[in-house]
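Enquirer: The structure that follows is given in the form of structure tokens.
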Amino acid sequence: SQDAVATHQIECRVARPTGTMASLEIVGRNLTGDAHVRSFVLNARDVTERNRVADELRHEALHDRLTGLPNRTLLLERIRATLAATRAGQAPEFAIAYLDLDGFKELNRLHGHLVGDDVLSQVCAVLRKNLRGVDLAARYGGDEIVLLFPETGPEGAMDVAERIRESIASRPLEIEHH
């Protein structure tokens, strides 16, 4: 820029001598027209920690603390994006499935919420193992989990759902030695 007043800012990642990566925020001004400076002036600062904290906050805002699954907010964002891609002809179809654990409220009532949390965490671990990389399992609330299958029709979604059901049914969950 020829404008000596304007500042320009970029962020980039650089390798440190230790081999780790750092994020730098660089602000520059063209002071070639200033008789006392006659050069470009760049100021850089390490924003690695700031970015790490921002990423953590973003993750916490969009994921369930107990299960680590995406939450309702992220699920709805992904559904909107998937629906837009389908409408634009970028994806042929998609499917959504709803998973609810039968007897979960009774389990919580009889054995306490810690046991219920453990069951829910174990079920979510089974889900993660059975989903494809493009699929999304999100905790919608309580024991409700919504599965989003992008670029998958009803038959493909049913296949995955059946695989999940069989995986859960074939391996009883062990909670407090029960």
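The values are calculated or read from the model by the stated rules, or taken from the named source; none is laboratory data. What you see is a predicted model; the values in this text were computed from it and never measured. FYI the Cβ positions are ideal-geometry reconstructions off the backbone, even for glycines, and counts take in every protein chain you see. Just the protein is used for accessible areas: all its heavy atoms, side chains included, with ligands, DNA and RNA removed. Shrake-Rupley method; radii C 1.70, N 1.55, O 1.52, S 1.80 Å.
Enquirer: Expressed as a whole percentage, what fraction of the accessible surface of the chain belongs to carbon and sulfur atoms when a 1.4 Å probe is rolled over the protein heavy atoms?
Expert: On the way: 6510 of 11820 Å².
About 55 percent, which is the carbon plus sulfur part of the accessible surface.
Enquirer: Quick one: net charge of residue 151's neighbours, Cβ under 11 Å, K/R +1, D/E -1?
Expert: Net charge in that neighbourhood comes out at -1.
Enquirer: Also, I was wondering about something else. Sum -39500 (n - 2.57) across every DSSP H segment of at least 4 residues in the chain, then divide by the residue count to get the 222 nm mean residue ellipticity, nearest 500. Can you show the working numbers first?
Expert: Working: 5 runs with 74 residues, N = 178.
The helix contribution divided over the chain gives -13500 deg cm²/dmol.
Enquirer: Same structure, new question: Using unit Cβ charges (K, R positive; D, E negative) and no other charged atoms, how large, in debye to the nearest 20, is the dipole of the stretch 41-178 about its Cα centre?
Expert: Computed about the Cα centre, the dipole is about 460 debye.
Enquirer: Could you work out how much longer the chain between residue 114 and residue 100 gets when fully extended? Use 0.36 nm per residue separation minus the Cα distance between them, nm to one decimal.
Expert: On the way: separation 14, 0.36 × 14 = 5.04 nm, distance 1.82 nm.
Fully extending the segment from residue 114 to residue 100 adds 3.2 nm.
Enquirer: So for the pair residue 126, residue 23, with labels modelled 7 Å out along Cα→Cβ, what separation do we get in nm?
Expert: A separation of 3.8 nm, rounded to one decimal place.
Enquirer: Taking 0.36 nm per residue of separation and subtracting the Cα-Cα distance, what length does fully extending residue 31 through residue 171 add?
Expert: Length gained, residue 31 through residue 171: 43.5 nm.
Enquirer: Scan the chain and hand back the longest stretch that contains none of the GluC sites (Glu not before Pro) lying in DSSP loops with at most 15 other Cβ atoms within 10 Å. Mind showing how you got there, number by number?
Expert: Values: sites that count: 93, 174, 176.
With a cap of 15 other Cβ atoms within 10 Å, the longest stretch comes to 1-92.
Enquirer: Another question, if that's okay. Looking at (i) 1, 6, 10, 12, 14, 15, 15, 13, 7, 3, 1, 1, 0; (ii) 1, 7, 11, 12, 12, 10, 10, 8, 8, 6, 5, 4, 3, 2, 1, 0, 0; (iii) 1, 8, 15, 19, 19, 17, 11, 6, 3, 1, 0, which value of P(r) over Cα pairs in 5 Å bins from 0, in percent comes from a calculation on the structure shown?
Expert: Computing P(r) over Cα pairs in 5 Å bins from 0, in percent and matching it to (i) 1, 6, 10, 12, 14, 15, 15, 13, 7, 3, 1, 1, 0; (ii) 1, 7, 11, 12, 12, 10, 10, 8, 8, 6, 5, 4, 3, 2, 1, 0, 0; (iii) 1, 8, 15, 19, 19, 17, 11, 6, 3, 1, 0 gives (ii).
Enquirer: Related question: As an exercise, use a Förster radius of 30 Å and the Cβ-Cβ distance of residue 39 and residue 14 to find the FRET efficiency, rounded to the nearest 0.05.
Expert: Step by step, r from the Cβ atoms, then E = 0.90.
Enquirer: How would 171, 38 line up by accessible area, probe 1.4 Å, largest first?
Expert: The ranking, largest first, comes out as 38, 171.
Enquirer: Then there's this: In a shell of Cβ-Cβ distance under 13 Å around residue 74, excluding residue 74 itself, what net charge do Lys and Arg (+1) and Asp and Glu (-1) give?
Expert: Numbers: positive: 58, 72, 78, 80, 139; negative: 60, 64, 77.
Local charge sum for residue 74: +2.
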